[in-house]
Structures are given as structure tokens and as C-alpha cells.
Amino acid sequence: MSHSNKSIVVVPARLGSIRLPDKPLADICGEPMIVHVWRRAVEAGVGPVLVAAAEREIAAAVEKAGGTAVLTDPGLPSGSDRIHQALQRFDPAKSYDAVVNLQGDIPTIEPAPIRAALDLLSDPEVDIGTLAAEIAREEERCNPNVVKAVVPLAPGARRGRALYFTRATAPTGAGPLYHHIGLYAYRRAALERFVALPPGILERRERLEQLRALEAGMRIDVALVDTVPLGVDTPADLDRARSLLGR
């Protein structure tokens, strides 16, 4: 897919994290974390970057840095609902037909993976693009907090169709396992369909929102990347992000 003005990156953010309160505003090397994520998205060069902010404080931090933010209903249940509402308010004419959902807590994301997810939409059959990296650490294979993307990738292949996502160790047998990275590129129509669907049976069971799309027959393709970007969920993660970005 060409990176034209038809693509937009939307970063959902809210202050209500239980493990790390006020997480988007956490200071990293003199700037709020949400500003670091916004800058990484701008560097990807795939289109304008919009922060979907549940609170005025987040919007103010982004705007102070020169970015654009849209306030969304703080009671929305998920980041997908937040980016959908932000798009409706920012672009009611639907000028943008593809949107990247970039989580607001991965300040070390590189531009290339953002582009890789969007490139998956070059296939007109793909509704949603996402990312995965091969699991290298043995303890992650059985860790339910590491979501696995079940993708039949031939040796050397860098993209494939997702058959399932799970917290279990899957598939069994010899071969690689893939750590799913929660960054998504949606066709605008696919996002609109997705947020209108009720939560799926398997989605509720696994606590994985992307299973709603698979249950509904939507196609999700996965691009293989080399590393999993650091997600900031705890004070220890925040310290690590400060160390990485301070180099």
C-alpha cells in the first residue's frame, strides 16, 4: 500500500492504568511518554498522526509538543473504540481509508514496524494487518502474558495469514512460536465493522480483542519483525524505557 494521505496513525491514550497511574504523562527524558510515541509515529512517515485522548491533560501535552489530539469519551471500553471515535470526529468525510492503531505505551517503537503493518493492506483481501516476532526465550513459550500469533509461515517468509491468537503455547510440535505485537493497521471499513460487532465467545474466553475479528470471518495478516518493542506497563518497564531512550 502506498503511504499517501489516505493513511493516518491514531494513538489511543487514557490515564486510567491500574499498574502505572497517569502512564501517558510519565516523564521519559524530559517529555511525557505519549509525546515519545507521537514522535515515533511521525517518523514513520505514513500520514498524519492523531492522539485519541481520553483526558484533556493528554491532549494538552501532545498539543504543547506540536501534535494533534482529539478528546474521546473516557468511558469507551477499548483502544479500538477510542480510535474509531477520534476518526469520526477528526475526519467525518472519511478522507483516510486506512488507519494504524498504535498503542500509547510503546515509546521505543521504530518507524519500520509501523510501515510493515500498513504494507500488509497492499493485499486487497486483508482487512487488518498486525505484527509478530519469533519467540527466542524459552520462558515466553509458556507465559500466558505473551500472546502467540498462530501463523503458517514457510522458512524465510515474512508475512502470512493469522489463523488464531492465543495465550496458550501454540501450535504444538517442533518449530517456531510467534509473539504477537499489538499494533494494528485497519481498513477504515474494517474498523467500522469491528467496533460494531458484539464481543466474541473466544474473545471473552482468551481476553483477546482480535479474536472478535477472526470469529466474524475477517482476515488478519501478520508481518514478521525482528524484535518486540518495549511496552510500558509497570514502574520497572518505565525505568527500562528511560534507560533505552536516554542513550
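The values are calculated or read from the model by the stated rules, or taken from the named source; none is laboratory data. A quick note: this is a predicted structure, and the numbers were derived from the prediction, not measured. Quick reminder, even Gly has a Cβ in these numbers, built from the backbone with ideal geometry, and neighbours come from all protein chains shown.
Here are the numbers:
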read-out: From Leu224, Leu197, Leu183, residue being within 28 Å of Lys6 (Cβ to Cβ), more than 18 Å from the chain's Cα centre (by Cα) and modelled with pLDDT of 95 or more; value: Leu197
read-out: Residues that are hydrophobic (A, V, I, L, M, F, W, C) and either in contact (Cβ under 8 Å) with a residue 60 or more places away in the chain or in contact with a Cys (Cβ under 8 Å, 6 or more places away or on another chain) (or both), drawn from region 190-211; value: Ala190, Leu191, Phe194, Val195, Leu208
read-out: Some residue of region 230-245 being surrounded by 19 or more Cβ atoms within 10 Å (Cβ to Cβ), among the hydroxyl-bearing types (Ser, Thr, Tyr) and touching a residue at least 60 places away in the same chain (Cβ under 8 Å); value: no
read-out: Residue under evaluation Met33, criteria (1) in contact with a helix residue (DSSP H, G or I) (Cβ under 9 Å, 6 or more places away or on another chain); (2) in contact (Cβ under 8 Å) with a residue 60 or more places away in the chain; (3) closer than 21 Å to Ala117 by Cα, criterion not met; value: (3)
read-out: Filter pass, Ala61 being within 22 Å of Asp237 (Cα to Cα) and not polar (S, T, N, Q); value: yes
read-out: Criterion (of a type in the set (Lys, Arg), free of Cβ contacts under 8 Å to residues at least 60 places away in the same chain and out of contact with any Leu (no Cβ under 8 Å at 6 or more places or on another chain)) met by exactly one of Arg39, Arg14, Arg19, Arg56; value: Arg39
read-out: Residue list for region 237-247, filter: part of a helix (DSSP H, G or I) and either among the hydrophobic types (A, V, I, L, M, F, W, C) or in contact with a Cys (Cβ under 8 Å, 6 or more places away or on another chain) (or both); value: Leu238, Ala241, Arg242, Leu244, Leu245
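Each row is one residue, and each column tells you yes or no for (1) closer than 29 Å to Gly246 by Cα; (2) modelled with pLDDT under 95.
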| residue | (1), (2) |
| --- | --- |
| Gly79 | yes, yes |
| Gln85 | no, no |
| Ser95 | no, no |
| Ile114 | yes, no |
| Gly129 | no, no |
| Val151 | no, no |
| Arg158 | no, no |
| Ala170 | no, no |
